Structures are given as structure tokens and as C-alpha cells.
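Just below is one structure, and these are the notes that go with it.
Each reported figure results from applying straightforward, stated rules to the coordinates on display, with no laboratory input. Computed from a prediction, not measured in an experiment: that's the story for all the values here. Using ideal geometry, Cβ is built from the backbone for each residue, glycine included, and neighbour counts are taken over all protein chains shown.
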Amino acid sequence: MLGITFIGSGSKGNSALLELNHTYYLLDAGISCKKICDYLSKREISLEELKGIFITHEHEDHIKGLKVLLKKAPHLKIYCTPGTASAIVERGIPIEEYYSMSYEKVFEISNCLCTAFKVPHDAAQPMGLHIEKDNYSMVMATDLGCVTPEVLNHTQNADLLCIESNYDLDMLKSCSYPTWLKQRIKSTSGHLPNEGVRGILSRMNKVPQNIVLMHLSQESNTKEKALESLESFLEFDGNNFRSMQVTVASQDTPTERLIIGSELPQKLKNKLIDNREKQKSRREAFR
């Protein structure tokens, strides 16, 4: 079972709860530790139940709550690239233990296969994540200035795709950002516009069950604009993407819990299968 819930996502901070076979991890800690803990409390999940944190890159909106979080839960292991680890330490956040993730190197975690892949962003060594279990895959790619072959390779068979939909070009042109920031956002190492999501979907080999549009800019995007950019693609005659569930992650309200694969623990699933087989045998015996 693979699952994700975005606690908060946007210009001011990003963090999500990952569920890998009923084991909990965080994806980034760019919102306050209090907000993360409040959400976990509502889900009746303790900090002690968290096994680790995946950090995609070192920008403030992805590590803002990390220092306090590690003080409250020093057992948490960091999963990130070496470049990101060094950059985090340079920002004054000590890391006692971390798992060094290399691009395209597969490793096993909670009985899932996890692969970090390169994304084009102006950070030390940013990464996207591709996690697989039982022929299901969940892919997260945020903060990417353009769609690269690496990104397409990892997104093309995703069942649950979480992708940045950062800005609407017309809104960016007219918003209050200074010129240098607008240029940075539009660059190939900046952020992905709403239209970029269509470029990924059009190259997929399958229709994902779910897509999450995340990291929307508060100044140069809206939920309506992000969805509007997909309308013509989703309604195009002859494609099956209309069956796909679309979720837009917001800054202040957690998304619903998105799950792919079986939610049942394997032991319970085996027990149910055994019970069904016994019932079937009984019915056949009475015929």
C-alpha cells in the first residue's frame, strides 16, 4: 500500500505524510513543526511513529520546520542527496544521521522500492521520488523548471502522480514579484507552469488513478487556473484521462488521504483469502 496526504503545499511551505505499507514518513518539512504535529494528532499518529523524512531540497519552504522537528523527534532519519544534506547543515540545521540518496539508485524501504531522480531546480542537488510496491507506483516531482527525460521516465507509469503546477503565465507577468524573481521562476531551473503538467500527462503510458497538483504560487496562480489548464486535455475526445481523480493541494487545508494498492496488512489479507477459500470449499461440499 502506498499513500500520501499533503498537510500543506504552496509558496509558504510544503510538507506531506507518506504511508509506505502502514509505515509513516514525511515528505519535506517546510511548514511549522506545530502544524505538522497538529495534523498528526488529528490522525492519531504520534511523532514516535514517524520513521523518517524525505527532503527534496534545501530551500526554506521545504525545511522551515525541520530544525524544531528534529529536536522534538531526534530519532527521525533524513533521506536526501549528499548535496542537500550539506546545504541543510550550512543553513544551521545539524543532521545526526541521514541516508545518502543517489540519483537512479534503487533502495528498499518499508518493503517498497524507492528511487531518487534528478529534477531541474536551482538548489544544491534536488530530487524527485519514485516509490513502487506490488506493481503500483507513486511519483512526486516538485520544484522543477522544465520537463526533462529523467522526469518523463519516472512519471510515465505512475498510478499516483504528484506534480508541481506552480504558476499561470499571465498572472506571473502581472503580479507584484520583482523582475528578477519572475525571470527565476520562468527559467529552466525554476518552477513548472500549469501548462507543463499537460506535457507530462500527454507522454504517459497509462492513465494514473490520481494526480495531485501541488506547490501552487499564492501570487501567480489559483486552484481554478490550475484546473482550467487541464480542462481541454481531460475532455479531449479519445483519451481516457477523464477517469483520473484530480486533487489540488492547498497551503492551509490538508488534502484527503490518497491511497493506491491494498490498505490491508498482508497477514490480514491472507486471513481473508483463507476464509474465502474455506467458505468456497464448504459450499462445494454441500452441492
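Structure notes:
- Distance between the pseudo-spin-label points of TYR103 and THR148 (7 Å out from Cα toward the beta carbon): 0.4 nm.
- Phi angles across the range 173-184 convert, under the Karplus curve 6.51 cos²θ - 1.76 cosθ + 1.60 with θ = phi - 60°, into 3J(HN,Hα) values of 4, 9, 7, 7, 4, x, 4, 4, 6, 4, 5, 4 Hz, Gly and Pro given as x.
- For the set LYS77/LYS223; LYS51/LYS71; LYS12/LYS35, the pairs lying more than 22 angstrom apart at their alpha carbons are LYS77/LYS223.
- Three principal axis lengths of the range 57-144 [C-alpha, angstrom, descending]: 39, 30, 18
- Estimated Rh, the range 36-195: Kirkwood, alpha-carbon pairs, angstrom: 17.1 Å
- Separation of the TRP180 and GLN251 label points, Cα + 7 Å toward Cβ, nm: 2.3 nm
- Length-normalised contact order for the range 13-101 - Cα pairs under 8 Å, 6+ apart - percent: 27 percent
- Binned Cα-Cα distances of the chain, short to long, each 5 Å bin given as a whole percent: 1, 5, 12, 16, 18, 17, 12, 8, 4, 2, 2, 1, 1, 0, 0, 0
- Neighbour cut-off at most 16 other Cβ (10 Å), DSSP loop, trypsin sites (Lys or Arg not before Pro), the range 92-133: LYS105
- Within the range 194-257, chymotrypsin sites (Phe, Trp or Tyr not before Pro) in DSSP loop having at most 15 other beta-carbon neighbours inside 10 Å: PHE236
- When every Cα-Cα distance of the range 111-191 is counted in 5 angstrom steps from zero, the calculated P(r) takes the values 3, 15, 23, 19, 15, 11, 7, 4, 2, 0 percent.
- Over the range 63-114, the fraction of Cα-Cα pairs per 5 Å bin, rounded to whole percents and listed from the shortest bin up, is 5, 18, 27, 23, 15, 11, 1.
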